[in-house]
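Written out below as structure tokens is the structure these notes cover.
The values are calculated or read from the model by the stated rules, or taken from the named source; none is laboratory data. As the structure is a prediction and not an experimental result, all values here were calculated from the model. Every residue, glycine among them, receives a Cβ derived from its backbone with ideal geometry; neighbour counts consider all protein chains shown.
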Amino acid sequence: MPNAMSLESAQPWWKGAVIYQIYPRSYQDTNGDGVGDLNGITQRLDHVASLGVDGVWISPFFTSPMRDFGYDVADYCDVDPAFGTLEDFDALLSRAHALGLKIIIDQVYAHSSDAHAWFAESREDRTNARADWYVWSDPKPDGTPPNNWQAVFGGPSWTWDARRQQYYMHNFLPSQPQLNLHNPDVQDALVDVMRFWLDRGVDGFRLDALNFSLFDPDLRDNPPKIPAPRNVSRPFDLQEHVHNQS
């Protein structure tokens, strides 16, 4: 029977770890453009290590139009030029590991940017290879959205796309279309993204907005909250989110 010491050593590194979050945009700027960058993080890793933390969690630095400050990803496997290059990230990772620091990066799998190549293809028509990579639905007979779901940032969770003549779903901004994680091809593509970063040497992921990753495939209306809350600032807060969230 294993003793307590061997059980403790078998625990994953993140069990009980102290994680230091870094938001790249507001961290150190090394090129004078007013935006923090990956090289700035690298330059400060000695200080971070001196704090006694076990790892660093880096908020999104991927290619993005930045309508939601990087949580609208246009390329999951590249660095936005505002933050540097993949080579800069490799240098950051190498320095962190030399200091004994683990690196965790954000991954946003519930949605992408509408600037992502996957969405550009998906919206072309209803028969292309990625037609079902996002959540599309026909309107009701009167032209209104397919159900009553509301977006976190305000307004309906549906935006009309004139090209496909359908609504697409978004839980946040209209520029953040919902990925269809019920689709095995989407699941495989996101596993490939994970594999890309793991092969590069990252130690783990923080999965953003994962509670918004799945939804009722039948797109049933959410019921109202009873009793109705008072003084709410958005319709989102008036519903029980039993069908639009995991």
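Summary table below
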| item | result |
| --- | --- |
| Set GLY70, GLY84, GLY100: member being surrounded by 21 or more Cβ atoms within 10 Å (Cβ to Cβ), over 13 Å from the mean Cα position of the chain (by Cα) and either assigned by TED's automatic domain parsing to the domain that holds VAL202 or basic (Lys, Arg) (or both) | GLY84 |
| Test for ILE41: is it within 20 Å of VAL193 (Cα to Cα), touching a residue at least 40 places away in the same chain (Cβ under 8 Å) and among the β-branched types (Val, Ile, Thr) | no |
| Hey, TYR76 of a type in the set (Ser, Thr, Tyr), touching a helix residue (DSSP H, G or I) at 6+ places or on another chain (Cβ under 6 Å) and within 20 Å of ALA115 (Cα to Cα) or not | yes |
| Near pairs, Cβ below 9 angstrom, 6+ apart or cross-chain, from the range 180-200 (under 18 Å from HIS111 (Cβ atoms)) to any residue that is modelled with pLDDT of 95 or more and among the acidic types (Asp, Glu) | ASN180/ASP132; HIS182/ASP132; ASN183/ASP132; ASP185/ASP132; VAL186/ASP132 |
| Residues within the range 127-183 that are over 19 Å from the mean Cα position of the chain (by Cα) and of a type in the set (Ser, Thr, Tyr), tallied | 5 |
| Those residues of the range 219-241 which are touching a residue at least 24 places away in the same chain (Cβ under 8 Å) and either in a loop (DSSP other than H, G, I, E, B) or charged (D, E, K, R) (or both), in sequence order | LEU219, ARG220, ASP221, ASN222, ARG234 |
| Test: PHE83 is at pLDDT 95 or above, in a loop (DSSP other than H, G, I, E, B) and in contact with a helix residue (DSSP H, G or I) (Cβ under 6 Å, 6 or more places away or on another chain) | yes |
| Conditions (1) β-branched (Val, Ile, Thr); (2) surrounded by 15 or more Cβ atoms within 10 Å (Cβ to Cβ); (3) farther than 27 Å from SER175 by Cβ: number failed by VAL18 | (2) |
| Any chance PRO141 is in the same structural domain as ASP221 (by TED's automatic domain parsing), assigned to a loop (DSSP other than H, G, I, E, B), in contact with a strand residue (DSSP E or B) (Cβ under 6 Å, 6 or more places away or on another chain) and modelled with pLDDT of 95 or more | no |
| Test for ARG206: is it outside any helix (DSSP H, G or I), within 29 Å of GLN107 (Cα to Cα) and either basic (Lys, Arg) or not assigned by TED's automatic domain parsing to the domain that holds PRO60 (or both) | yes |
